[in-house]
Amino acid sequence: MWIVSMILVVVASLMLLARHILVGKHKAEVERRKAEAISRARCTYCGGQNVPRTKKCTYCGAPLR
Ligand SMILES: [Zn+2]
C-alpha cells in the first residue's frame, strides 16, 4: 500500500506547487498594475505625485498621460 501514499504525496505537492504559481502570478500582476498607476499619476514636468486617473497635474497643471 505504500504506492498509494506515495501518489497522494505527489498529488498534494503538485497541487501546492500549482497554487503557489497561480498566487505568484496574481501578485506580480497586481504589483505591475500598481506600478503602472503610480507612473501614470506622476507628472513628467514637475514630478508631482498625482491621484491616479487625474487628467491634469494638480501641482503645475500639465496634462498627464
Ligand atoms: Zn506637474
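All of the numbers you see were taken from the coordinates with simple rules; none came from a lab. Being a predicted model, the structure only gives us computed values, none of them experimental. Don't worry about glycine lacking a Cβ; one is built from the backbone with ideal geometry, like all the others, and counts go over all protein chains shown.
Values computed for the structure shown
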item	result
Rounded tilt (10° steps) of 2-41 against the dominant C-alpha axis of the chain	0
Spatial separation of Cα centroids for region 1-29 and region 32-65, in angstrom	41
Per-residue [θ]222 nm for the chain (sum of -39500 (n - 2.57) over DSSP H runs n ≥ 4, rounded to 500)	-22500 deg cm²/dmol
Under 5 Å, built H, 5+ apart or other chain: amide partners of residue 42	50
Percent RCO, i.e. relative contact order, over the chain, from Cα pairs under 8 Å lying at least 6 residues apart	19
Residues with amide H under 5 Å from that of residue 62, placed H, sequence gap 5 or more	57
Cβ-based net charge around residue 65, under 15 Å, with every Lys or Arg adding one and every Asp or Glu removing one	+4
The chain, Rg to Rh (Cα coordinates; Rh as Kirkwood inverse mean 1/r)	1.51
Surrounding net charge for residue 55, when Lys and Arg each add one and Asp and Glu each subtract one, Cβ distance under 12 Å	+4
Residue 14-residue 32 pseudo-label distance in nm [points 7 Å out on the Cα-to-Cβ vector]	2.7
